[in-house]
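Participant: One structure follows; several queries about it will come next.
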Amino acid sequence: MYVVNPVVRIKGSNRELRWKTTPNRARKRIRSLVDRSTSRSFSLKIVGVKKGSDIKLSKSVKFRNKKSNDPRVQIRVEKVKYAIDTSGEKRGLKLGKLLKGRRRKVSKKKPKRRKVVKRKPVKRKVVKKRRIIRKRPKVKRKVAKRTIKRPKSKPKRKARKPTKRKPKRKTPSKSKRKR
């Protein structure tokens, strides 16, 4: 079994991607990338041989063999009908950007723990059964025919302390005032 690297056209030149995988695995992976980017052709370059088995690959409807003799065009080409059908192609996404997007940066920082919020249990509205209240007939109260007078108790007064009384002023007699 062969070990292959896919060759793709990036920025006007053919570029070999060093994947070193089996042919069917490389085809499956490169088809999805070429389909989602503006580049339309790819080929596989044999790099080595190894023991092992390869995956089964279904035939793709979107790709055909090349017709021209132009060396820049690779062996497998995306059909015109499927040329601009994915969101990446509509945005004009190039294959190089797609490949860069696949690499994930591994951060050394530990992820922050989220605060655990304890939620209060939801109180359900309980429908209380209504009691049937029977209305009692109004009974007229008996009213006394005459009013009863009761003696009111007077509040107790505090005992006064004995005070010294001032002596009365002696006033002159009326005859003396006229003078």
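Participant: Select from the range 77-98 the residues that are assigned to a helix (DSSP H, G or I), under 19 Å from SER13 (Cβ atoms) and among the small types (Gly, Ala, Ser) and list them in ascending order.
Facilitator: Initially, the range 77-98 is screened for residues assigned to a helix (DSSP H, G or I), giving 80-82, 87-91, 95-98.
If we keep only those that are under 19 Å from SER13 (Cβ atoms) as well, we get 95-98.
Scanning the range 77-98 gives a single hit, GLY96.
Participant: On to the next question. So, of the residues in the range 58-82 that are surrounded by 10 or more Cβ atoms within 10 Å (Cβ to Cβ) and β-branched (Val, Ile, Thr), which turns out to be farthest from MET1 (Cα to Cα)?
Facilitator: In this case the residue turns out to be VAL73.
Participant: I need the full set of residues from the range 62-75 which are touching a residue at least 12 places away in the same chain (Cβ under 8 Å) and farther than 17 Å from GLY12 by Cα, in order please.
Facilitator: LYS62, PHE63, ARG64, ASN65, LYS66
Participant: So which residues in the range 71-119 are more than 25 Å from the chain's Cα centre (by Cα), among the aliphatic types (A, V, I, L, M) and modelled with pLDDT under 75, if there are any at all?
Facilitator: The answer is VAL73, and nothing else.
Participant: Taking SER13 and the conditions (1) touching a residue at least 40 places away in the same chain (Cβ under 8 Å); (2) among the hydroxyl-bearing types (Ser, Thr, Tyr); (3) under 20 Å from LYS100 (Cβ atoms), which numbered condition does it fall short on, given that it satisfies the others?
Facilitator: It is condition (1) that SER13 fails.
Participant: Quick check on my filter: what residues within the range 23-57 are β-branched (Val, Ile, Thr), surrounded by 14 or more Cβ atoms within 10 Å (Cβ to Cβ) and either out of contact with any Gly (no Cβ under 7 Å at 6 or more places or on another chain) or part of a helix (DSSP H, G or I) (or both)? Break it down stepwise before answering.
Facilitator: Filtering the range 23-57 down to residues β-branched (Val, Ile, Thr) leaves 30, 34, 38, 46-47, 49, 55.
So of that shortlist, the ones also surrounded by 14 or more Cβ atoms within 10 Å (Cβ to Cβ) come out as 30, 34, 38, 47.
ILE30, VAL34, VAL47 - these are the residues of the range 23-57 that are β-branched (Val, Ile, Thr), surrounded by 14 or more Cβ atoms within 10 Å (Cβ to Cβ) and either out of contact with any Gly (no Cβ under 7 Å at 6 or more places or on another chain) or part of a helix (DSSP H, G or I) (or both).
The values are calculated or read from the model by the stated rules, or taken from the named source; none is laboratory data. These figures come from a predicted structure and were not determined experimentally. Heads up, the Cβs are rebuilt from the backbone with ideal geometry, glycines too, and the neighbour counts pull from every protein chain shown.
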